[in-house]
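Each remark here refers to the structure printed beneath this line.
The values are calculated or read from the model by the stated rules, or taken from the named source; none is laboratory data. Please read all numbers here as calculations on a predicted model, not as lab measurements. In this analysis, Cβ positions are derived from the backbone assuming ideal geometry, glycine residues included, and neighbour counts consider all displayed protein chains.
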Amino acid sequence: MKSTASIKEIRAAHREMVRKLHPDAIGLQSADLSLALSAVSQAWSVLGDPATRREYDKSLAQQSASKRSDKSNQSSDSKSKPIDDFVEEPDFEIPQIIVRAQFPWRFMLTLIGIGALLILALRSTVSTNIPQGPDSLIQSGSCVALDATQAVYEVSCDQPNEGVVRQLIGFDMTCPSDTFGYRDRQGMGIACLEP
């Protein structure tokens, strides 16, 4: 019995098997993979050389002929015994190849891009002319009012107020002569108000 595969087909099959079983290709090192890879290399050494392949084909023919003769001898010797069909089992089992999961970069970049576009779209629909109310921090240009203790606090410039702060100075300093100094209610210093 001769094998019908050509050297090119055997070489292609060998490359494919080595590619699948090589530890560097799949990122996994195990004894089963090493055994499988060595068996593939051994098969290539036999089938890749025409002389050793002819010897292999002859040995297969002899084995098949001896099995047929053994079968016929067994069937003629004892008709009462059931004869099991000969099934060749491989010497090794090709292990399941586990491939490491890859991080979904394309999905994540797409998700980030969609999120950025959504934020930009929402930002374009929001009105930017939101009036700024008082934030209770007195600074230059803040409108202020006086409380019962004669301390100033920030109010909206649309409401009645005592004046506009020119500058906020420390407690140990004095306001310029053309302004009036009042203590800040939060204790940040002296607010110099323009009349």
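Among the residues examined, A121 does not qualify as at pLDDT 75 or above, in a helix (DSSP H, G or I), more than 51 Å from the chain's Cα centre (by Cα) and not hydroxyl-bearing (S, T, Y). Take the conditions (1) at pLDDT below 90; (2) loosely packed, with under 10 Cβ neighbours inside 10 Å; (3) under 30 Å from H22 (Cβ atoms); P95 misses just one of them, which is (2).
Of everything in the range 173-195 that is in a loop (DSSP other than H, G, I, E, B) and aliphatic (A, V, I, L, M), the residue that is surrounded by the fewest Cβ atoms within 10 Å (Cβ to Cβ) is M173.
Here P160 passes the criteria (1) in a loop (DSSP other than H, G, I, E, B); (2) surrounded by 13 or more Cβ atoms within 10 Å (Cβ to Cβ) except the one numbered (2).
Only one of the listed residues (G141, G170) is more than 45 Å from the chain's Cα centre (by Cα) and loosely packed, with under 10 Cβ neighbours inside 10 Å. That residue is G170. Just to check your reading of the model, which residue among T4, T52 is modelled with pLDDT of 75 or more and either in contact with a Gly (Cβ under 7 Å, 6 or more places away or on another chain) or of a type in the set (V, I, T) (or both)? From the options T4, T52, the qualifying one is T52.
Quick one: is A25 modelled with pLDDT of 75 or more and either assigned to a helix (DSSP H, G or I) or surrounded by fewer than 12 Cβ atoms within 10 Å (Cβ to Cβ) (or both)? For A25, the condition - modelled with pLDDT of 75 or more and either assigned to a helix (DSSP H, G or I) or surrounded by fewer than 12 Cβ atoms within 10 Å (Cβ to Cβ) (or both) - is not met.
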